[in-house]
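The values are calculated or read from the model by the stated rules, or taken from the named source; none is laboratory data. Values in this document were obtained by computation on a predicted structure and should not be read as measured data. When we count neighbours, we look across all protein chains shown, and the Cβ atoms used for this are built from the backbone with ideal geometry, even at glycine. In case anyone asks, the SASA skips ligands and DNA or RNA and just uses the protein heavy atoms, side chains included. Shrake-Rupley method; radii C 1.70, N 1.55, O 1.52, S 1.80 Å.
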Amino acid sequence: QVQLVESGGGLVQPGGSLRLSCAASGSIFRINAMGWYRQAPGKQRESIAGITSGGSTNYADSVKGRFTISIDNANNTAYLQMTSLKPEDTAVYYCFAEFPLTRYWGQGTQVTVSS
């Protein structure tokens, strides 16, 4: 069994920054990729960033240039650095860790961008 623990969410003013962390623990053999989705009230969950264990990244157009994802393979932890935050970035952010046969999810962390 694998557990993902997220941290780093909170309230920030427009234009501010936050860094999310996602730490995987448990029966880990090999993580293929990690990343984040987010879900705003009344909207579908959307993929916003992903990174492979080799460091290849992908981003949603809505966050490209503002968000940066990174991975610490030694500690099975991914980070999402979010800058120039906008009110429309307000959502619950869910991290995931992808293994050869399955995907695990974190509990979600609230990010609120408001003045």
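List of remarks:
- Restricting region 1-90 to chymotrypsin sites (Phe, Trp or Tyr not before Pro) that sit in a DSSP loop and have at most 15 other Cβ atoms within 10 Å of their own Cβ leaves F29.
- 3J(HN,Hα) couplings calculated from phi for region 99-112 with the Karplus curve 6.51 cos²θ - 1.76 cosθ + 1.60 (θ = phi - 60°) are, in sequence order, 10, x, 10, 7, 10, 10, 10, x, 7, x, 9, 7, 10, 10 Hz; Gly and Pro show x.
- Annotation: per residue accessible area for the chain equals 52 Å², rounded to a whole number [probe 1.4 Å, protein chains only].
- Amide H to amide H, with H built 1.01 Å from N, L85 comes under 5 Å of G15, G16, counting only residues 5 or more places away or on other chains.
- Net charge of Cβ neighbours under 9 Å - reference Y37; Lys, Arg +1; Asp, Glu -1: +1
- Summarising the amide proton neighbourhood of T90: residues at separation of 5 or more, or on other chains, whose placed amide H is nearer than 5 Å comprise V113.
- Here the Karplus curve 6.51 cos²θ - 1.76 cosθ + 1.60, taken at θ = phi - 60°, turns the phi angles of region 86-95 into couplings of 10, x, 6, 7, 4, 4, 8, 9, 10, 8 Hz, with x standing for Gly and Pro.
- Our coupling estimate for region 52-69, obtained by passing each phi through the Karplus curve with A = 6.51, B = -1.76, C = 1.60 and θ = phi - 60°, is 8, 5, x, x, 6, 10, 8, 9, 6, 4, 5, 10, 4, x, 10, 10, 10, 9 Hz, Gly and Pro reported as x.
- The chain - percent of accessible surface contributed by carbon and sulfur, probe 1.4 Å: 47 percent
- Relative contact order of the chain, defined on C-alpha pairs under 8 angstrom at six or more residues apart (%): 37 percent
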